[in-house]
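Quick notes on the structure that follows.
The values are calculated or read from the model by the stated rules, or taken from the named source; none is laboratory data. Because the structure is a prediction, the values reported are computed rather than measured. Note: ideal-geometry Cβ built from the backbone for every residue, glycine included; neighbour counts use all protein chains shown.
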Amino acid sequence: MTADPTARGPRPTRTCPPAPTAAPPWILMYHSVADPRDDPYGITVAADRLDHHLRWLRRRGLTGVGVGALLRARAAGRDRGLVGLTFDDGYADFLDAALPALRRHGCTATVFVLPGRPGGTNEWDPLGPRRPLLTESGIREAAEAGMEIGSHGLVHRDLTRATDEELRLETRSSRALIRRVTGEPPQGFCYPYGTFDQRVADAVRDAGYTYGCAIDPGPLTGPYALPRTHISQADRAAHLWAKRLRPRRGSLTPPERAAAPRPLPVGGGR
């Protein structure tokens, strides 16, 4: 989003131009890890494909970590060789399919869950297929395995169309529910469908989160609008390399955006 006001320094002079803005960190966006054959939105990756991706990263000296850990390392100047890994929606298959691969390759990740739908399904996807979501015990298991747990809101709704009260519930109540389940308040928030505007980002900040993940936030890129690279079953080593070189192009409009009702431009207002 907008620049952090606490980071403002003295106004630059003509002989001391402002330093160029650092490129955002590379963050990969996964969803379900299961059989990808019935996947109208292109958001499912097979377990062996995820294993291939993680092996590719490790062979190039890259280690996957949760976004919170990545940002802390970045702030300390120790993020070289790190890449963010995120799994949206909190699908139950994370425990059986994604977690073993992450452990095998010495990686961690951020799992963005929906505490308003524990043990439910992805009812927001009109085309299906229906996939089970993590239960509260499953969320705890992921946290105890060293994964960062973040909020994806309560029930996966387009927050740009929520009232102010609904927005407070989606941001604050989801944070409180996750804290009750894991014992720790989540630091990260992920915008459902990738849609957000300034009002939504401000609500996320005011709820106490330290960062927000988007998809392709464009000029609003910042701590509360981190861009991510959509990863699908079609991505092989060559695709990952291309997306590494051009991460913003790789993150544009992934197929799951088609599931959003009357989708808005990412970062666009009403």
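Observations on the model:
- Exclusive hit being crowded, with 19+ Cβ neighbours inside 10 Å, within 19 Å of the chain's Cα centre (by Cα) and on the phi > 0 side of the Ramachandran plot, set D93, D89: D89
- Exactly one residue out of T160, T171 is over 21 Å from F87 (Cα atoms), modelled with pLDDT of 95 or more, surrounded by 17 or more Cβ atoms within 10 Å (Cβ to Cβ) and among the hydroxyl-bearing types (S, T, Y), and it is T160.
Each row is one residue, and each column tells you yes or no for (1) β-branched (V, I, T); (2) assigned to a helix (DSSP H, G or I); (3) surrounded by 23 or more Cβ atoms within 10 Å (Cβ to Cβ); (4) over 19 Å from the mean Cα position of the chain (by Cα).
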residue	(1), (2), (3), (4)
R130	no, no, no, yes
R140	no, yes, no, no
G150	no, no, yes, no
G153	no, no, yes, no
E166	no, yes, no, yes
V181	yes, yes, no, yes
E184	no, no, no, no
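- Residue in segment 34-49 that is surrounded by fewer than 19 Cβ atoms within 10 Å (Cβ to Cβ), touching a Gly at 6+ places or on another chain (Cβ under 8 Å) and not charged (D, E, K, R) present: yes
- Residue within segment 195-203 that is in contact with a strand residue (DSSP E or B) (Cβ under 8 Å, 6 or more places away or on another chain) and either of a type in the set (F, W, Y) or at pLDDT 95 or above (or both) present: yes
- Scanning segment 54-80 for residues that are more than 19 Å from the chain's Cα centre (by Cα) and either closer than 25 Å to A238 by Cβ or crowded, with 20+ Cβ neighbours inside 10 Å (or both) returns R55, W56, R58, R59, R60, G61, R80.
- Residues located in segment 33-86, provided they are part of a helix (DSSP H, G or I) and touching a Cys at 6+ places or on another chain (Cβ under 7 Å): L54, V67
- Matching residues, segment 191-211, being of a type in the set (A, V, I, L, M) and in contact with a Ser or Thr (Cβ under 8 Å, 6 or more places away or on another chain): V200, A203, V204, A207
- Residue in segment 109-116 that is among the aromatic types (F, W, Y) and assigned to a helix (DSSP H, G or I) present: no
- Some residue of segment 225-247 being surrounded by fewer than 24 Cβ atoms within 10 Å (Cβ to Cβ) and β-branched (V, I, T): no
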